[in-house]
Amino acid sequence: MDNDHDPAAQGGSAQARARRADRALPGSAFAYDPGDPAALPIPARGAPQAPPTDSSGVTIERLRHEEDLARSGDLYLLAPVGYCLLAFDTTVLKVNLVGATMLGVARANPGLHHFRAFVVPAFLPDFDGFFARALNSHTGETCRVRLRTPNDGGVDVTLHGSADGSGQACRLIVERAEGRLAALERSEERLRRIVHCAGEGIWEIDAAAHTTFVNPRMAHILGYSIEDMLARPLISFMDDEGIAMLEHCIAEHTPGLPAAREYRFIGKDGRVVWTSMSTSPILDADGACLGALALVTDITVQKQSTELIWHQANYDTLTGLPNRHMFMDRLRHETRKADRGADFLALLFIDLDHFKEVNDRLGHARGDLVLIEASRRIANCVRSSDTLARQGGDEFTVILSGLDHIGSVERIAHAMIAALALPFELGGEKAFVSASIGIALYPPDARDIDQLVERADRAMYAARNAGGHQFSYVTPALQHAAQARQGIADDLRAAIALRQFEIVYQPIVSLQTGAVHKAEALLRWRHPTRGLLGPAEFIPFAESNGLIVEIGDWVFREVAQQVQRWQHSIDPSFQVSVNKSPVQFRRDADLYLNWLDYLNELGLPAHSIVIEITEGVLFEGATQVIERLRQFRAMGLQVALDDFGTGYSSLSHLKRFDIDYVKIDHSFVATLENDVGDLALCEAIIVMAHKLGLKVVAEGVETKVQRALLVDAGCDFAQGYVFARPMPAEEFEAMAVAGIPRLPH
């Protein structure tokens with residue numbers, strides 16, 4: 001049977017074969033195509049006799065074989081690599097179009113050539129060894145050789161050979177090295193185009209998190225050029241919040257696994273850029289991390305939309321304060337904290353008295369301005385850690401958390417009432433409102449947040465029904481106590497005019513010499529019905545109603561006169577310390593100028609007065625504090641930091657402020673004899689303060705042992721009952737002139 005004229009065996013018509021041949025990729029490789037009907041097999045020596053034939057003389061086996069060849073003919077004819085079949089002596093039994101074209105042999109008569117003749121002589125040893133192995137291998141052998149070709153001086157190829165199914169010949173696949181390289185280059189070029197045109201950012205970093213590659217989209221997302229980003233560390237494109245997010249993600253990530261997270265970056269123009277990054281590690285053959293590759297999506301718009309929706313759901317659109325939904329969430333959180341600790345919280349319900357009249361008279365637009373200004377004034381009365389919310393209409397709520405004394409609640413309530421009673425300037429019009437405030441405490445007044453809200457609301461109505469411009473507690477006992485405290489606050493207004501205040505002085509002793517060089521002025525109030533009151537019993541009310549500025553000014557002038565006398569009778573360099581309230585420190589912005597004038601009038605050096613402030617003052621507004629301390633120092637006044645160790649400051653912070661003395665709080669001194677930790681802390685404070693050029697005063701020294709320990713630690717000054725109690729000026733002068741007996745160690 002003639003296969004050259006059998007359409008079935010040829011896999012289709014002659015025209016179809018020609019079309020498929022046109023689609024082949026000549027020059028890529030060559031090999032035997034077992035389905036190519038134009039290359040007939042050449043029987044090998046010792047081949048078995050032909051099997052039985054049918055009546056037409058055609059063997060059944062041959063017919064089946066030709067059908068298989070016909071079905072697979074297209075595959076081999078169009079293959080971009082070459083196939084061939086070699087006899088034991090490398091005679092080319094079959095070859096496909098690609099191989100024939102490369103070698104310049106005729107596909108119709110390939111048997112005239114030995115494949116070995118095409119191998120460059122230098123590669124023949126490698127080829128011979130490979131071919132011998134391939135004839136006996138069914139899994140395949142591989143070898144790289146160079147072939148002589150008719151069109152060039154040679155071509156490097158990779159041979160893949162194995163025994164054919166009959167065991168009489170070797171199948172050979174040959175791949176041209178240049179073809180594989182070209183394919184790789186085309187693949188790389190395709191990848192470059194994809195990366196360049198990708199709609200997502202691509203960011204590669206090394207093991208040190210420095211940028212090694214970014215695509216144009218990634219650079220565009222952050223507003224940089226590609227050159228600007230290369231070699232820069234990843235965190236250089238982040239702010240502190242973004243770095244914290246990155247550190248958190250790294251801590252939670254399982255090494256070796258891809259990670260998808262949201263990250264916050266800062267663009268070149270300073271804008272916040274939110275991204276979604278899918279990151280995969282780059283590992284070497286041993287599994288060591290060489291870096292990471294990230295696919296980055298800019299989600300800034302989506303993030304802003306989400307935040308806007310969240311903000312609208314949780315904040316009041318008029319005032320920008322948390323709304324009722326956010327307020328309840330915060331209240332739930334704070335009550336849980338109170339359940340776990342020893343502190344309590346207070347809930348204040350605030351209603352603006354007479355707001356409806358203002359709204360009706362001036363219109364809703366100006367009524368809104370009143371609400372906005374009222375929210376600002378209330379916010380100025382509370383701490384940043386507290387929660388102020390608008391419930392709706394003219395009602396506000398405040399959560400005061402982490403409280404340990406009821407007095408702080410009342411100070412804030414008084415401050416709110418005073419602030420809201422001031423006139424509201426509304427573009428040529430004035431409006432007046434006041435505040436009714438209801439107070440409920442958790443846990444004393446309620447078991448849960450619903451009950452707490454209900455009771456604070458009820459207390460607010462009680463305050464409003466009593467005439468407004470006041471606060472009310474939900475329980476009668478607290479209300480009576482509050483009224484008593486309010487009576488004290490009212491009496492304060494007359495105390496200065498009636499000269500009910502007294503100043504006592506406690507000596508500050510040099511621990512090295514035992515001499516009295518300084519004193520601390522302490523205020524007392526001789527109340528007509530309550531007797532002698534200490535500062536803790538009335539100063540909070542003076543702070544809340546603003547009288548503290550007037551009282552503080554009176555104290556300063558009285559002390560200045562006393563220092564003037566004592567510098568003549570005791571010591572020309574004698575100093576007195578005056579406590580300055582945090583409220584006073586904030587409010588009397590220009591009072592120091594009046595003090596300077598008064599000191600000049602007395603002919604008293606400014607360094608004769610030491611202003612004592614608490615740690616909290618330093619951190620309520622650092623810029624303002626630095627400026628005020630600078631003004632004091634310019635005048636010549638000295639400054640002492642009182643109760644050091646009880647707040648949040650550290651000696652390292654003191655470098656920022658103009659401080660002369662550090663006063664160790666009495667709570668540390670009291671346990672020096674029994675607590676090694678407090679002794680070590682005091683010693684450390686003293687050493688570090690001296691390094692910064694500061695003097696140290698120990699407060700509350702009550703025993704000889706405490707004094708001796710402080711002397712050994714190098715403390716400069718001390719005050720306390722072991723030396724003397726606070727006393728009136730006349731007694732102090734007599735004691736100072738006579739001298740305090742030097743105590744034994």
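Structural remarks
- So residue 407, is it in a strand (DSSP E or B) and either surrounded by fewer than 20 Cβ atoms within 10 Å (Cβ to Cβ) or at pLDDT below 90 (or both): no
- Within region 410-429, the set of residues being assigned to a strand (DSSP E or B), surrounded by fewer than 17 Cβ atoms within 10 Å (Cβ to Cβ) and in contact (Cβ under 8 Å) with a residue 60 or more places away in the chain comprises just one member, 429.
- The set of residues from region 110-141 being farther than 24 Å from residue 165 by Cβ and outside any helix (DSSP H, G or I) comprises 119, 120.
- Yes/no for residue 364 being exposed (fewer than 12 other Cβ atoms within 10 Å of the Cβ) and closer than 25 Å to residue 464 by Cβ: yes
- Failed criterion for residue 509 (all others in (1) in contact (Cβ under 8 Å) with a residue 24 or more places away in the chain; (2) surrounded by fewer than 21 Cβ atoms within 10 Å (Cβ to Cβ); (3) among the β-branched types (Val, Ile, Thr) hold): (2)
- Restricting 317, 300 to those that are more than 23 Å from the chain's Cα centre (by Cα) and at pLDDT 90 or above reduces the list to 317.
- Test for residue 592: is it farther than 19 Å from residue 728 by Cβ and at pLDDT 85 or above: no
- Residue match in region 469-480 (condition: surrounded by 13 or more Cβ atoms within 10 Å (Cβ to Cβ) and within 39 Å of the chain's Cα centre (by Cα)): no
- Verdict on residue 644 being modelled with pLDDT under 85 and crowded, with 20+ Cβ neighbours inside 10 Å: yes
- Of note, residue 681 does not satisfy the criterion of being crowded, with 18+ Cβ neighbours inside 10 Å, more than 19 Å from residue 507 (Cα to Cα) and assigned by TED's automatic domain parsing to the domain that holds residue 642.
- The sole residue among 352, 331, 318 that is in a strand (DSSP E or B) and over 30 Å from residue 275 (Cβ atoms) is 352.
- Scanning region 389-400 for residues that are crowded, with 22+ Cβ neighbours inside 10 Å and either out of contact with any Ser or Thr (no Cβ under 6 Å at 6 or more places or on another chain) or in the same structural domain as residue 538 (by TED's automatic domain parsing) (or both) returns 396, 397, 398, 400.
- Flag if residue 285 is in contact with a Ser or Thr (Cβ under 8 Å, 6 or more places away or on another chain) and closer than 30 Å to residue 213 by Cα: no
- Conditions (1) touching a Lys or Arg at 6+ places or on another chain (Cβ under 8 Å); (2) part of a helix (DSSP H, G or I); (3) among the aliphatic types (A, V, I, L, M): number failed by residue 202: (2)
- Reported count of residues in region 292-308, each being crowded, with 17+ Cβ neighbours inside 10 Å and farther than 12 Å from residue 276 by Cα, is 1.
- Residues of region 205-218 that are in a helix (DSSP H, G or I) and under 23 Å from the mean Cα position of the chain (by Cα): 218 alone.
- Residue in region 251-262 that is of a type in the set (Lys, Arg), out of contact with any Ser or Thr (no Cβ under 6 Å at 6 or more places or on another chain) and within 30 Å of residue 371 (Cα to Cα) present: no
Residues are listed down the side, and each one gets a yes or a no for (1) in the same structural domain as residue 213 (by TED's automatic domain parsing); (2) closer than 13 Å to residue 260 by Cα; (3) aromatic (Phe, Trp, Tyr):
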position: 276; (1), (2), (3): yes, yes, no
position: 281; (1), (2), (3): yes, yes, no
position: 284; (1), (2), (3): yes, no, no
position: 289; (1), (2), (3): yes, no, no
position: 295; (1), (2), (3): yes, yes, no
position: 298; (1), (2), (3): yes, no, no
position: 310; (1), (2), (3): no, no, yes
position: 319; (1), (2), (3): no, no, no
position: 322; (1), (2), (3): no, no, no
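- Any pair with Cβ under 9 angstrom, 6 or more apart, that starts in region 163-175 at a residue that is free of Cβ contacts under 8 Å to residues at least 12 places away in the same chain and ends at one that is of a type in the set (Lys, Arg): 165/171
- The residue pairs whose first member lies in region 562-574 and is assigned by TED's automatic domain parsing to the domain that holds residue 607 and under 14 Å from residue 606 (Cα atoms), whose second member is loosely packed, with under 12 Cβ neighbours inside 10 Å and not basic (Lys, Arg), and whose beta carbons are closer than 9 Å, counting only pairs six or more residues apart or on different chains, are 564/603; 567/573.
- Entirely in region 497-595, the strands (runs of 3 or more DSSP E) that have 3 or more residues that are under 30 Å from residue 421 (Cβ atoms): 516-527
- Residue count for region 224-234 under the criterion of being surrounded by 14 or more Cβ atoms within 10 Å (Cβ to Cβ) and either modelled with pLDDT of 95 or more or not in a loop (DSSP other than H, G, I, E, B) (or both): the result is 5.
The values are calculated or read from the model by the stated rules, or taken from the named source; none is laboratory data. Note that the coordinates shown come from a computational prediction; the quantities given were computed from them, not determined experimentally. Cβ atoms come from the backbone with ideal geometry, glycine included; neighbour counts cover every protein chain shown.
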